[in-house]
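Reviewing the structure listed below.
The values are calculated or read from the model by the stated rules, or taken from the named source; none is laboratory data. Note that the structure is a prediction, hence the values are computed from the model and not measured. Cβ atoms come from the backbone with ideal geometry, glycine included; neighbour counts cover every protein chain shown. Surface accessibility is based on the protein's heavy atoms, side chains included, excluding ligands, DNA and RNA. Shrake-Rupley method; radii C 1.70, N 1.55, O 1.52, S 1.80 Å.
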Amino acid sequence: MNQPELNELLSTLPLGEIRYFDSIGSTNDEALAWANKGAPDLSLIVADEQTMGRGRLDRPWFTPPGTALAFSLILRPTADEKPHLSRLVGLAALAITESLQKLGLTPQIKWPNDVLLNQRKVAGVLIELVWSGEDVVCVVIGIGVNILKRAVPDTDILRFPGTSLEGMLGHPVERENVLRDILASLTALRPQLSTDEFMNKWGEALAYRGRQVKVDMGGQTVVGRLEGMISDGSLRLRDDNGKSVTVRFGDVRLRPFTDILRK
Ligand code: BT5
């Protein structure tokens, strides 16, 4: 992967500027800095390797060189999009699932920000906002996808089992094509962000629907049957007393099977 190849590969997509790095701390950090300096809408940072890749709550995200996709897209939300910023994680996750479906795979979204193949995490999304006073001026959508088996960290340092496209397909894939497909899906889905159609697509892609799950909300946990989402993308569960519970942030795990999967 290099800058001229990327420019050529993505030339038909409605992107802003594109910057490529052989190695970087975190593409999201670079994107946040660039957003603050006026990056145009849909500008893109791509890196071959991340040395300080981040997940949510500053958890580490591993991107060894030559094995994965790590990129960040800068969005300047329109007035119509601003009431729906909490759906952007779904936009990114859906774009990933659509691109993996093209490879004949059956991905699911583990709410809120993971994409799973066969119950294992193949991709993660990290959304970060740039504020000006009370107003969100930019959103950085960070996406990491494990392409080769070597991208997947050792099981003992993972919170959830991981996998790669190579691991699932049994052969390597061209990561450039996956990148192009994700960006094509994301830019095509973006105009639907405010619609019920978008929420339906997102809901249909959710893993564990109708199953008993445990959601860890940073210490506090909720247990219940996963019913779907409400319009802002929050998760809707039905607890054992039949009460509807809404969860805005957390880590979902299947109950009681997750611990078996971790081994
Ligand atoms: C995420 O966070 O899954 C968001 C990952 C976003 C990464 C992209 S790469 C481009 C951009 N630049 C960045 O710096 N970040 C974004 P979370 O749900 O908090 O999951 C983090 C957890 O995933 C870690 O605690 C590990 O257990 C696990 N993990 C780390 N690297 C992984 C990998 N390559 N494959 C599978 N799991 C991984």
> Would you pick out the residues in region 89-138 that are more than 13 Å from the ligand (Cβ to nearest atom) and of a type in the set (V, I, T)?
Replying inline: T97, T106, V130, V136, V137
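Would you confirm whether any residue within region 63-83 is open to solvent by 20 Å² or more (accessible area, probe 1.4 Å), free of Cβ contacts under 8 Å to residues at least 24 places away in the same chain and over 19 Å from L148 (Cβ atoms)?
Yes, there is a match, as at least one residue in region 63-83 is open to solvent by 20 Å² or more (accessible area, probe 1.4 Å), free of Cβ contacts under 8 Å to residues at least 24 places away in the same chain and over 19 Å from L148 (Cβ atoms).
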> Cβ-Cβ below 6 Å, separation at least six or inter-chain, first residue in region 1-16 and over 21 Å from I147 (Cβ atoms), second assigned to a loop (DSSP other than H, G, I, E, B): which pairs?
Replying inline: G16/P40; G16/D41; G16/L42
>> Looking at region 35-62 only, could you name the residues that are surrounded by 15 or more Cβ atoms within 10 Å (Cβ to Cβ), within 13 Å of the ligand (Cβ to nearest atom) and not basic (K, R)?
In response: L44, I45, V46, A47, D48, E49, Q50, G53, G55, W61, F62
> Do you know which of the residues in region 81-126 that are in contact with a helix residue (DSSP H, G or I) (Cβ under 9 Å, 6 or more places away or on another chain) and among the β-branched types (V, I, T) is farthest from V247 (Cα to Cα)?
Replying inline: T106
> Inside region 63-84, can you point out the residues that are more than 16 Å from the ligand (Cβ to nearest atom) and either assigned to a helix (DSSP H, G or I) or closer than 28 Å to D22 by Cβ (or both)?
Replying inline: R76, K82, P83, H84
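Here are L193, L254, L226: which of them is assigned by TED's automatic domain parsing to the domain that holds K102 and open to solvent by less than 20 Å² (accessible area, probe 1.4 Å)?
L193
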> Considering only region 181-209, how many residues are small (G, A, S) and either out of contact with any strand residue (DSSP E or B) (no Cβ under 7 Å at 6 or more places or on another chain) or modelled with pLDDT under 95 (or both)?
Replying inline: 4
> For G218, are the conditions met, namely being modelled with pLDDT under 95, under 23 Å from L126 (Cβ atoms) and surrounded by fewer than 12 Cβ atoms within 10 Å (Cβ to Cβ)?
Replying inline: yes
